[in-house]
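A short reminder: the numbers here are calculations on the coordinates, not readings from a lab. Small disclaimer: the values here were computed from a predicted structure and weren't measured. Please note: Cβ atoms are built from the backbone with ideal geometry, for glycine as well, and neighbour counts cover all protein chains shown.
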Amino acid sequence: MSVASRLGVRLEPRVDVPRWMNWAVPIGSFLSALLVGSVVLLITSQNPISVYQRILERGFLDSGSLSNTLISATPLLFTGLCAAVAFRVGFFNIGGEGQFYVGAVFASGIALALGADAQSWIAIGAMILAGALGGALWAFIPGILRARFRTNEIITSLMLNYVAGIGATYLIFESDSFWRELSGTGAVFPKGKIIPLTAQWPSFDLGTLVVPFGLLLGVLVAVWLHVLQRRTRFGYEMRVVGGAPSTARYAGMRPARVVVAVAMLSGALAGLGGATDVGNFRHVLDPKGLQQSGFGYAGIVVAALARLNPLAVVFVAIILGGITNAGYALQGPDFPAGLVGTLEGLILFCTLGGEVLARYRIVLSRRRPEAMSA
Amino acid sequence: MSVNDNLFVIILASAIFYGTPLVFAALGELLSERSGVINLGVEGMMLLGAVCSAVVAANLDGPAALVLPLALLAGMAAAALGAAIHAFLVITLRVNQIISGLALTIFAGAAGLSSYLANVWGLGRNPSLNQFGRMDLFGLKDVPVVGPILFDQTLLTYLSWLLVGLAMVYLFRTRMGLHLRAVGESPQTADSVGIPVTRYRYGHVIVGGMFAGIAGACYSLTIVPTWANGLTSGAGWIALALVIFGFWRPDLTLVGAYLFGALSSLSFTLQARGIDVPSALLNALPYLATIVVLVLVSNSRLSRRLGSPAALGRPYEREER
């Protein structure tokens, strides 16, 4: 028998978590993710220091880079809130991606329908509502299936991502839909109609920093969610349903209703993100671009890193937005696509492991021979 | 025109061809779930397997009989490594299985490591030199109807049949299989009679990863021989649904896999025949069907009785004794 097998590793719950750990654990997790990431980079013969340095420069430090980071952070903020709200009640909505697309379809649809004559605030307000509605309807499907038939929402919401992607592609590439530009170059290369100028969302200059209206909207929504979760009856029901569904039932709540409501709220948040994508940034329904971005999936990372706390989502979205933005800016042979997702995944793994270290103590113990088999 | 050009025969034959990766992936997930561990990282592990086997097949010179098994092994090893991360996080560190599995798919998936590796190693520029071709088993390829369906498949398909058979015997006819089911149903009870719960869980999660690796190799070495990022396009998630659809039984899972294989091949098959059906609808069909099937299964009384392993998704904490 080797020494290693005789030594047992046990996790023992901590009675109280030392204060310094609240800071040390996330930072330590982040640093270990960078360390593991540099091993991956070294194996694939990249220089980790220069890669990280360039991410830092292009994501945060170079002039104008922070403004671009805020643009990348905006969709992540919405999809992060989408996942955070749903995961809180144990509704694992992986469908933020599809709900984002549907929000973009609805928002661009209403902007095109209102046309250039609509007043700007009406057009923008209508896009916000339409985007939220689209996302909510798309999330209603897994929500009601879970509530009525106890169907696994992870798989149904994920399948709907593909359906939404195929649907959006159909609108632009495979049909003469209302969304598609049929005149000019659009007759040769399929593309969407650009929404009228009046429907395009503003951005605000704060000194050198450009803040998109969508980001401000997202921050407002995050604060509203925080209040909703902490200060309202519905928030209380959400917490009980998420923590102890049977208790909720005994207390006279209706977990099924709460689940459907949260599913739709969650979808509405992702749909808002889709509206932002059209209104603030692309100004067009771009199915290929949407599917390449994968904002919905990255939102899950954001939510998990933020420990499902809406206010923390804002912060994490900006950090990951920086990495994403650097990924766009640097894409090329020295900075291959896929690196951003790899780093995000590593950060998530290390954070998950790190949280365990915060909650438990690792105890090394010699095992008694009869316990060897475990 | 021979009988074998009949549309029905072609659809059945391609159902098996396109269903084969689903069989491997679902079988792997089934083993993992039977031990009580959900692994939502199937899609990610498949892509890792796909990229690593593609790299070996594209770059190694040599006879196909040597290169292909090595490519397969590389894919299995890479996916198993991914599964091992998940196993460590959820079994030893008791992290939430759902979050950890999602993390694995995000880490390894289409926007992550698999695409990164494909880029770094220059896949997509040069298609695989070596592929698993169709094998005329016993020279029976031209037999009417059953020939193209059963005897003109790739080696991987025959391997999948073997593994499904072995898994049936293993689960329901061997002592280890019984122990495995006990670990998935009630780890406390299993532990109390001396079954090494942790070791069983690690083992089956990792073997499940290897199966997912073969599933990925099915794509990069037969179905989509020129690399494209995210080439499995959600098959890993369909495999997760298939485990539920098959009530955690290998044989029923195989049937489900071929059903979905038929659906995903329908758009190519019908288009090749010049039958005009909107391709968007056909492309969406496997995903919509997954939802419908899941609803049907979750609504039936049957699923309660035949349903999932009782301890599925729950970490096992051995109290100090």
What list do you get for A:His226, B:His86, A:His283 if you sort them by fewest beta carbons within 10 Å? A:His226, A:His283, B:His86
Applying a 10 Å radius around every beta-carbon, put A:61-72, A:100-111 in order of their mean neighbour count, most first. A:100-111, A:61-72
By how many degrees, 0 to 90 and rounded to 10, does the Cα axis of helix A:120-149 deviate from the longest principal axis of chain A? 50 degrees
Debye intensity ratio I(q)/I(0), log10, segment B:3-306, q values 0.07 Å⁻¹ (C-alpha model): -0.26
Averaged over A:347-360, number of beta-carbon atoms from partner chains that fall within 10 Å: 4
With a bin width of 20 angstrom, please list the P(r) values of the protein assembly as shown as percents of all Cα-Cα pairs, from the 0 bin to the one holding the largest distance. 17, 52, 28, 3, 0
Does segment A:131-250 classify as rounded, prolate or oblate by the C-alpha gyration tensor (a ≥ b ≥ c root eigenvalues; a/c under 1.5 gives rounded; else a/b over b/c gives prolate, otherwise oblate)? oblate
Helix A:96-114: angle to the longest alpha-carbon principal axis of chain A, degrees 0 to 90, nearest 10? 20 degrees
Would you kindly calculate the mean projected area, averaged across all directions, of the convex hull enclosing the Cα atoms of segment B:164-213, in square nanometres? 3.5 nm²
Calculated FRET efficiency, B:Asn6 and A:Leu56, Cβ-Cβ r, R0 56 Å, to nearest 0.05? 0.35
For chain A, what is the Kirkwood hydrodynamic radius in Å, using each pair of distinct C-alpha atoms? 22.3 Å
Check the straight Cα-Cα distances from A:Lys193 and name the aspartates and glutamates below 20 Å, setting aside those fewer than 8 residues away within the same chain. A:Asp117, A:Glu174, A:Asp176, A:Glu181, A:Asp277, A:Asp286
Taking only Cα atoms and a 10 Å spring cutoff, compute GNM fluctuations for chain B and point out the largest among B:Pro278, B:Pro309, B:Pro225. B:Pro278
Taking N as the number of residues in segment B:119-171, the ratio of its alpha carbon radius of gyration to 2.2 N^0.38 Å works out to 1.61
Scanning chain B for helices, which whole DSSP H stretches are 27 Å or more long along the axis (Cα) and average -0.5 or more by Kyte-Doolittle? B:7-34, B:64-87, B:197-218, B:250-272, B:279-299
What average count of beta carbons from other chains do you get within 10 Å of the Cβ of residues in B:229-241? 3
Report, in degrees rounded to the nearest 10, the 0 to 90 angle that the Cα long axis of helix A:213-231 makes with the longest principal axis of chain A. 50 degrees
Between segment A:113-135 and segment A:174-233, what's the alpha-carbon centroid distance in Å? 10 Å
Give a quick list of chymotrypsin sites (Phe, Trp or Tyr not before Pro) in segment A:277-373 that DSSP marks as loop, anything other than H, G, I, E or B, with at most 10 other Cβ atoms within 10 Å. none
Please average, across the residues of A:298-305, the number of beta carbons from any other chain that are within 10 Å of each residue's own beta carbon, and give a whole number. 2
Which whole-angstrom value gives the distance between the alpha carbon centres of segment B:223-265 and segment A:60-92? 32 Å
In whole Å, what is the distance between the alpha-carbon centres of segment A:281-312 and segment A:337-353? 15 Å
How much FRET efficiency would the formula 1/(1 + (r/R0)^6) give for A:Glu181 and B:Ser192, where r is the Cβ-Cβ distance and R0 is 60 Å, rounded to 0.05? 0.30
Sequence of A:Ser183, B:Ser220, B:Ser279 once ranked by neighbouring C-beta atoms within 10 Å, starting from the fewest: A:Ser183, B:Ser279, B:Ser220
So if a site counts as exposed when it's one of the GluC sites (Glu not before Pro), its DSSP state isn't H, G, I, E or B, and it has at most 14 other Cβ atoms within 10 Å, what's the longest stretch of chain B without one? B:1-316
Hey, fewest Cβ within 10 Å first, where do A:Glu57, A:Glu12 land in order? A:Glu12, A:Glu57
With the cut-off at 1.5 for a/c, could you classify segment A:272-374 from its C-alpha gyration tensor as rounded, prolate or oblate? prolate
DSSP beta bridges in the protein assembly as shown: the antiparallel percent, rounded to 5, is 95 percent
